[in-house]
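S.K.: Questions regarding the structure given below will be posed in turn.
Read the figures in this text as sums done on the coordinates, not as results from a lab. Note that the coordinates shown come from a computational prediction; the quantities given were computed from them, not determined experimentally. Here the Cβ is made from the backbone with ideal geometry for all residues, glycine too, and neighbour counts use every protein chain on show.
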2 protein chains.
Amino acid sequence: MALIKTYSATAKKIGELSVETEARGFKIIVDEPVEKGGTNKGMNPVELLLCSLGACQTMAVSIFAEQLKINIEEIWMEIEGDLDSYGFMGYGNARSGYQNIRYHMHIKSDAPEEKINELIELVEKRCPVADSIKNGVKLDKPKITIVK
Amino acid sequence: MALIKTYSATAKKIGELSVETEARGFKIIVDEPVEKGGTNKGMNPVELLLCSLGACQTMAVSIFAEQLKINIEEIWMEIEGDLDSYGFMGYGNARSGYQNIRYHMHIKSDAPEEKINELIELVEKRCPVADSIKNGVKLDKPKITIVK
């Protein structure tokens, strides 16, 4: 039993390092700061990954709070991750991806602490982006079309 | 030997399901479509994850093409991923994250195919977002601050 939904997006180079990404008509410019060779028109891809995780967790808190009948007045989160720049450069054996991601949730609620903890456990288990990042996703070899 | 850099972002609930994310002053609104209970002000978190991957790969193509002295005139990518909605709902044993992500790169270049393949192999190995998603990242238990 499964209810598979396929999500899609595109990414297109529009400048030296700048990229226009799009999903369902919504566009986001991704770039690097000037000191890294970009033109600083937007956040970079690894920051975007943290935003994806933060947004998913925040939404999941809203959805599961309603299911558990917990009143939440405010939610905001800080997310941070450590990356060894040597990985991208190919020095040594460093991995190129994040080594560790941490997050700190701030919740304004009059619900008892046990209820909030129950909620957060559910969010941790069910958040699609957290599951993707924590447990990894099978990435197929890319299909490549070369245009002359 | 390591050159650790810590990246950070925030996410804040601003509506029913809508979330404002921010990194280095760049803001992105994340939301769900109306039929999923949102107000459709932006792409959703799992689409944002695909954009993060697409942007990272596109930038990596630009950077490594320069290192390998390959002339690339255009790059654009399609990215898609399959997600079992039952995972988020908690039905059965479905995982909540992506089961599989595929991508298709379109490259306009006069370089020989072997050089392009060499480039893409390097991108696959070194792209920080691809490595994070493919090999997984240690997510710490969240720190939670409850405000009454």
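S.K.: Identify all residues within region B:125-148 that are of a type in the set (Asp, Glu) and either under 13 Å from the mean Cα position of the chain (by Cα) or assigned to a strand (DSSP E or B) (or both); write none if there are none.
M.R.: Answer for region B:125-148, where residues must be of a type in the set (Asp, Glu) and either under 13 Å from the mean Cα position of the chain (by Cα) or assigned to a strand (DSSP E or B) (or both): just B:Asp131.
S.K.: Going residue by residue through region A:61-70, is there one that turns out to be in contact with a helix residue (DSSP H, G or I) (Cβ under 6 Å, 6 or more places away or on another chain), aromatic (Phe, Trp, Tyr) and closer than 16 Å to A:Lys125 by Cβ?
M.R.: Among the residues of region A:61-70, at least one is in contact with a helix residue (DSSP H, G or I) (Cβ under 6 Å, 6 or more places away or on another chain), aromatic (Phe, Trp, Tyr) and closer than 16 Å to A:Lys125 by Cβ, which makes the answer yes.
S.K.: Looking only at region A:112-123, which residues are closer than 27 Å to B:Ser85 by Cβ and more than 7 Å from every other protein chain (Cβ to nearest Cβ)? Step through it out loud before you land on a result.
M.R.: As a first pass, look at region A:112-123 and keep what is closer than 27 Å to B:Ser85 by Cβ: A:115-123.
The answer is A:Lys115, A:Asn117, A:Glu118, A:Leu119, A:Glu121, A:Leu122, A:Val123.
S.K.: Here's another thing I want to ask about it. Only one of (1) of a type in the set (Gly, Ala, Ser); (2) within 16 Å of the chain's Cα centre (by Cα); (3) facing chain A (nearest Cβ under 7 Å) fails for B:Ser96. Which number is that?
M.R.: (2)
S.K.: Here's a follow-up. Take the residues of region B:64-86 that are free of Cβ contacts under 8 Å to residues at least 12 places away in the same chain and either facing chain A (nearest Cβ under 7 Å) or outside any helix (DSSP H, G or I) (or both): which is surrounded by the fewest Cβ atoms within 10 Å (Cβ to Cβ)?
M.R.: B:Lys69
S.K.: Scan (1) in contact (Cβ under 8 Å) with a residue 24 or more places away in the chain; (2) surrounded by 20 or more Cβ atoms within 10 Å (Cβ to Cβ); (3) in a helix (DSSP H, G or I) for the single condition B:Leu122 breaks and write down its number.
M.R.: Evaluating B:Leu122 over (1) in contact (Cβ under 8 Å) with a residue 24 or more places away in the chain; (2) surrounded by 20 or more Cβ atoms within 10 Å (Cβ to Cβ); (3) in a helix (DSSP H, G or I) leaves (2) as the failure.
S.K.: Please give the number of the condition A:Arg102 fails out of (1) more than 7 Å from every other protein chain (Cβ to nearest Cβ); (2) charged (D, E, K, R); (3) under 14 Å from the mean Cα position of the chain (by Cα).
M.R.: (1)
S.K.: Here is a list of conditions, (1) farther than 19 Å from A:Asn44 by Cβ; (2) within 7 Å of chain A (Cβ to nearest Cβ); (3) out of contact with any strand residue (DSSP E or B) (no Cβ under 6 Å at 6 or more places or on another chain); (4) touching a residue at least 12 places away in the same chain (Cβ under 8 Å), and B:Val129 meets all of them except one; can you say which number that is?
M.R.: Single failed check for B:Val129: (1).
S.K.: Going by the structure shown, is B:Ser8 within 16 Å of the chain's Cα centre (by Cα), within 8 Å of chain A (Cβ to nearest Cβ) and of a type in the set (Gly, Ala, Ser)?
M.R.: Criteria met by B:Ser8.
S.K.: Against the definition (within 23 Å of A:Val30 (Cβ to Cβ), facing chain A (nearest Cβ under 7 Å) and touching a residue at least 60 places away in the same chain (Cβ under 8 Å)), how does B:Leu49 come out, yes or no?
M.R.: When the stated conditions are applied, B:Leu49 passes them.
S.K.: I'd like to know if region A:37-45 contains one or more residues that are buried (at least 20 other Cβ atoms within 10 Å of the Cβ), part of a helix (DSSP H, G or I) and touching a residue at least 40 places away in the same chain (Cβ under 8 Å).
M.R.: The answer is no, given that none of the residues of region A:37-45 is buried (at least 20 other Cβ atoms within 10 Å of the Cβ), part of a helix (DSSP H, G or I) and touching a residue at least 40 places away in the same chain (Cβ under 8 Å).
S.K.: Determine, yes or no, whether B:Glu16 is more than 28 Å from B:Ile120 (Cβ to Cβ) and crowded, with 17+ Cβ neighbours inside 10 Å. I'd like the intermediate steps shown before the answer.
M.R.: Details: more than 28 Å from B:Ile120 (Cβ to Cβ): yes; crowded, with 17+ Cβ neighbours inside 10 Å: no.
Here the answer is no, as B:Glu16 does not meet what is asked.
S.K.: What number of residues within region A:11-28 satisfy the criterion of being more than 8 Å from every other protein chain (Cβ to nearest Cβ) and either closer than 15 Å to B:His104 by Cβ or β-branched (Val, Ile, Thr) (or both)?
M.R.: Final tally of qualifying residues: 1.
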